[in-house]
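One structure is given below, encoded as C-alpha cells.
The values are calculated or read from the model by the stated rules, or taken from the named source; none is laboratory data. Only a predicted model underlies this, so the values are computations on that prediction, with no experimental measurement involved. We place every Cβ from the backbone using ideal geometry, glycine too, and count neighbours over all the protein chains shown. Ligands, DNA and RNA are stripped out before the accessible areas are found, and what is left, the full protein with its side chains, is counted by its heavy atoms. Shrake-Rupley method; radii C 1.70, N 1.55, O 1.52, S 1.80 Å.
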Amino acid sequence: MILPSNEQWMRRALACAVRGGQAGEVPVGAVLVGADGTFLGEGFNQPILCHDPSAHAEIMALRQAGELCQNYRFPGATLYVTLEPCTMCVGAMIHARLAKVVFAAREPRAGSLVSARSLLDSGFYNHRFEVEEGLCAEESSRMLRAFFRQRRLSAQKQMEEQLSVMVLGKHDKAD
C-alpha cells in the first residue's frame, strides 16, 4: 500500500479550508494523521457555525480523531494545518502528545509556533513536537488574502447601502 505524502495530506487540509471559506468561516483546514500514516481526523474553522470560540480547524480535527480512536492522545501523529496555530491550538496539541505539526502559512499576529511567539521554546511545557513550515504556503496565503479581501468588499458595500438608506430614506433609494 502506498501512503499519501506530506503534500497530499496538506492538500486535503486545503480542501477543508475551502469548505470553511464556503461556509463563511476563515478558511483554515487541518488533517491529523496517525504514526502509521492512517487518517485520524480533519476539520475546518467553524466557531461561527458551532457558536464555539474553540472550534478552530485543529481542534475540530483532534475532536474527530478522539472520537475515532476513543482517546485524547495521539503519540506519533502529525497534524497538517493551513495556517500557523494559535496559543489555544498549540496547547491542545501539547496535551494530545502530537509528534509533529506541519503548517502552510505563517500567522504574524497570532501564530504561536514561530511568528508572534514560540511557545514550545518557553521551557515550561512537558511535551514538545517537531514543527515544519511552508508546505503549500503560497496556496494557503492566497486563499486567506482572497477571503479577507472579499470580506472587506462586502463590508464596504453593506456600509454604503446603510449610508444610502440613512441619507435617502428607506423608500427613496436612488439607483
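When we screen Val131, Val81, Val90, Val102 for residues that are in contact with a Ser or Thr (Cβ under 6 Å, 6 or more places away or on another chain), at pLDDT 95 or above and buried (at least 16 other Cβ atoms within 10 Å of the Cβ), the only hit is Val90. Restricting attention to the range 27-67 and to residues that are in contact with a Pro (Cβ under 8 Å, 6 or more places away or on another chain) and among the small types (Gly, Ala, Ser), the residue that is most open to solvent (accessible area, probe 1.4 Å) turns out to be Ala35. Against the numbered list (1) in contact with a Leu (Cβ under 6 Å, 6 or more places away or on another chain); (2) on the phi > 0 side of the Ramachandran plot, Gly76 comes up short only at (1). Restricting attention to the range 107-123, the residues being outside any helix (DSSP H, G or I) and either aliphatic (A, V, I, L, M) or surrounded by fewer than 18 Cβ atoms within 10 Å (Cβ to Cβ) (or both) number 11.
Being among the charged types (D, E, K, R) and touching a strand residue (DSSP E or B) at 6+ places or on another chain (Cβ under 9 Å) is the filter here; which residues of the range 12-51 pass it? Matches in the range 12-51: Arg12, Arg19, Glu25, Glu42. Each residue in the range 161-175 was checked for being surrounded by 10 or more Cβ atoms within 10 Å (Cβ to Cβ) and at pLDDT 70 or above, and 7 of them qualify.
For the range 134-160, filtering for residues that are open to solvent by less than 60 Å² (accessible area, probe 1.4 Å) and either within 21 Å of Leu98 (Cα to Cα) or modelled with pLDDT of 95 or more (or both) leaves 10.
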